[in-house]
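The values are calculated or read from the model by the stated rules, or taken from the named source; none is laboratory data. All of these numbers come straight from a predicted model, not from anything done at the bench. With ideal geometry, Cβ positions are generated from the backbone for all residues, glycine too; neighbour counts draw on all protein chains shown.
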């Protein structure tokens, strides 16, 4: 159940787990990502605080698990025992480990059921609530834990190819995005968003909600672009004749899509959502979903190429991530306890897989159009100064 007014997401999650190893699996580990927001975050000083906390004060969040049990076939459910919290990368309470009542034999499959309640913090960025806008781009429900190549627990686990089946219940009056599904219910009418076999991103499907979202659509090269604009609460002064903000963003997206390298495919629908990120221009999201700052392209034309570059990088990255599960599974394989699952780079430790992705992405950016990626605002500024000096001398 999604309740933006109370800053909560509550419900139950069922994880189907198969033991692919040769040894019995007797332990389960879950990552509670929201618990990193239970206390003050490191690295925040007087300069960055206004761009992290709404009123420069910490309003914490977190996740609690009310019940964890094991389900296997027709056997009655059995609660997990010896449940204990641990820290990942210095974040207290972000890992929960529990013993199975009966070990899972090699090749056997079981279901882990957990009831949870997540409270989102009041903060800008990829996970939090700001006035009337809610963002939970990853980890809003318990995730199966994973280890890196050195055996350390990952703060942002990626368990590999998976699909999600479920329903998100929400109250009316808001435009809600779940994964790549966009729904706008009537005022006061409850909303049920079904996820039937949807591909799962590493942290689960993203959730965004706001009553201020304004939808704009445009078809480009066989791809339907859906832009959810978050109108600014404050006036911006620009030169007369400037087109509406949505037109500026859609024109930039159209240029980016038409100028993409031939090797970069696009999904049938690309959802671009504005959100109050503040410290970043774009945010990691999922295939088919691009999350950008609500201040993107709300700048002087001199700085617009810098924003277009970040927007292009986000669009191309989401398109290039649409690989088959078979191709993904060949690249991954880590150990959690005694069970083989996937892995991804974490906030605190960067794996070789992440490094190789960055190298491939940098090689692709060399083919980006010069106007979008290679012309920086600093270069334009130096050119304009040189032109002004020549005009003054003449």
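Taking only pairs six or more apart or across chains, which ones have beta-carbon atoms under 7 Å, a first residue in region 235-259 that is more than 17 Å from residue 272 (Cα to Cα), and a second residue that is at pLDDT 90 or above and surrounded by 14 or more Cβ atoms within 10 Å (Cβ to Cβ)? Close Cβ pairs satisfying both conditions: 236/298. If you filter region 205-261 down to residues that are assigned to a loop (DSSP other than H, G, I, E, B) and under 21 Å from residue 171 (Cβ atoms), you find that the one that is modelled with the lowest pLDDT is 205. Taking region 280-298 as the range and being within 17 Å of residue 250 (Cα to Cα) and touching a helix residue (DSSP H, G or I) at 6+ places or on another chain (Cβ under 6 Å) as the test, the residues that pass are 281, 282, 290, 296, 297.
Of all residues in region 10-34, those satisfying the criterion of being crowded, with 19+ Cβ neighbours inside 10 Å, in a strand (DSSP E or B) and over 20 Å from the mean Cα position of the chain (by Cα) are 17, 25, 28, 29.
For region 279-298, a residue qualifies if it is more than 23 Å from residue 48 (Cβ to Cβ), touching a strand residue (DSSP E or B) at 6+ places or on another chain (Cβ under 7 Å) and in a strand (DSSP E or B), and the qualifying residues are 289, 290.
The residue list 183, 152 contains one member that is surrounded by fewer than 20 Cβ atoms within 10 Å (Cβ to Cβ), modelled with pLDDT of 85 or more and either under 17 Å from residue 271 (Cβ atoms) or within 15 Å of the chain's Cα centre (by Cα) (or both), which is 183. Consider region 262-271 and keep the residues that are closer than 27 Å to residue 175 by Cα and touching a helix residue (DSSP H, G or I) at 6+ places or on another chain (Cβ under 8 Å). The one that is modelled with the lowest pLDDT is 266.
Here the strands (runs of 3 or more DSSP E) wholly within region 107-177 that include at least 3 residues being touching a helix residue (DSSP H, G or I) at 6+ places or on another chain (Cβ under 8 Å) are 127-130. For region 73-112, the tally of residues that are surrounded by 12 or more Cβ atoms within 10 Å (Cβ to Cβ) and at positive phi stands at 2. Here residue 44 meets the list (1) in contact (Cβ under 8 Å) with a residue 24 or more places away in the chain; (2) surrounded by 13 or more Cβ atoms within 10 Å (Cβ to Cβ) almost entirely, failing just condition (1).
For region 69-98, a residue qualifies if it is in contact (Cβ under 8 Å) with a residue 60 or more places away in the chain and under 17 Å from residue 25 (Cα atoms), and the qualifying residues are 96, 97, 98.
Taking the stated definitions as given, is residue 94 within 13 Å of residue 33 (Cβ to Cβ) and assigned to a strand (DSSP E or B)? Criteria met by residue 94.
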